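For reference, the structure discussed in these notes is given below.
The values are calculated or read from the model by the stated rules, or taken from the named source; none is laboratory data. Keep in mind it's a predicted model, so treat the numbers as computed, not measured. Cβ sites come from the backbone with ideal geometry, for glycine too, and all protein chains shown count toward neighbours.
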Amino acid sequence: MQREGWPEPGSLVVCTVTQVVDFGAFVSIDEYAGKQGLIHISEVASGWIKYIRDHVREGQKIVCKVLNVDTSRHHIDLSLKDVNEHQRREKIQEWKADQKAWKWLEMAYKDRPEDAKRVADSLMAAYDSLYLAMEEAAISGAEALNEADLTEEDVKILESLSRDNVKIPSVDISGYVDITSPAPDGVEVIRKALKQARRTKDKDATLSVSYIGAPRYRIHVTAPDYKHAESVLKKAAQAIVSYIEQHGGEGAFHREA
């Protein structure tokens, strides 16, 4: 899947080195149809370069920063040295995810390549990423696709693709509650207090409670993001502590470091 148009100055692009010369390297920009770029030797690496081929070689896949775009001359200036390792890894990962999402679209519209392209262009225009658009659909359903110009059939197809192929991102966090009960039936009171955590209903999160060692119990939460997970964890812990205190015991919540 390739985008139409031109990349924006300041953006990161995935490129393939096509030719290395004394003054720099020519590349094809993988994300944009038919677009080429030049990395001047001064933008290949920091400091003095003795042998340019020590830094770039033909066929190499690299991530560059767009410095300047001259559409009248069909010329794009790029920098390799301005991209750090974290940015490189993140961009390559995003690019691979979009390539994967494009293959899903091709399979779904197997006999209708023009529709696959139309849907991809609509998603890219609205979300700037095929995979992120499908990830949103997997998390939030059809409503997440409202910003794109799609037919009802497209939405149904994308919903199915997202549900079947996208792994919804999640985070795991834990905390502890220390609870005691002086009541004659203290064991039963504690058991009922712990059950309060499981009554913290949330369709987007999973929660479990496990015994660590008296008086400590661990609450583990899996949710789509940290804010959501923290909210569920605190509600569960508050429900436990509130119940134990109401029944004459003591309780305290500790967030896992």
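Which members of region 43-91 meet the condition of being of a type in the set (S, T, N, Q), modelled with pLDDT of 95 or more and over 26 Å from the mean Cα position of the chain (by Cα)? The answer is Asn68, and nothing else. Of all residues in region 15-46, those that are touching a strand residue (DSSP E or B) at 6+ places or on another chain (Cβ under 6 Å), among the aliphatic types (A, V, I, L, M) and closer than 15 Å to Lys61 by Cβ total 5. In this structure, is Gly175 surrounded by 14 or more Cβ atoms within 10 Å (Cβ to Cβ), under 30 Å from Gly251 (Cβ atoms), at pLDDT 85 or above and over 22 Å from the mean Cα position of the chain (by Cα)? So Gly175 fits the description; yes. Across region 11-34, the qualifying residues are those that are out of contact with any helix residue (DSSP H, G or I) (no Cβ under 8 Å at 6 or more places or on another chain) and outside any strand (DSSP E or B), and the one among them that is farthest from Ile92 (Cα to Cα) is Gly34. Pairs linking a residue in region 210-238 that is within 13 Å of Thr200 (Cα to Cα) to a residue that is among the charged types (D, E, K, R) and surrounded by 14 or more Cβ atoms within 10 Å (Cβ to Cβ), with Cβ atoms under 6 Å and 6 or more positions apart or on different chains, are Val232/Asp202. Those helices (runs of 4 or more DSSP H) of region 35-146 in which 1 or more residues are in contact with a Pro (Cβ under 9 Å, 6 or more places away or on another chain) occupy 85-108, 130-140.
The residue list Glu135, Glu147, Glu143 contains one member that is surrounded by 20 or more Cβ atoms within 10 Å (Cβ to Cβ) and more than 16 Å from Ala33 (Cβ to Cβ), which is Glu135. Summed over region 28-50, the residues that are closer than 29 Å to Lys100 by Cα and without any contact (Cβ under 8 Å) to a residue 60 or more places away in the chain give a count of 10.
Restricting Ala205, Ala239, Ala183, Ala214 to those that are buried (at least 17 other Cβ atoms within 10 Å of the Cβ) and more than 30 Å from Met134 (Cβ to Cβ) reduces the list to Ala239.
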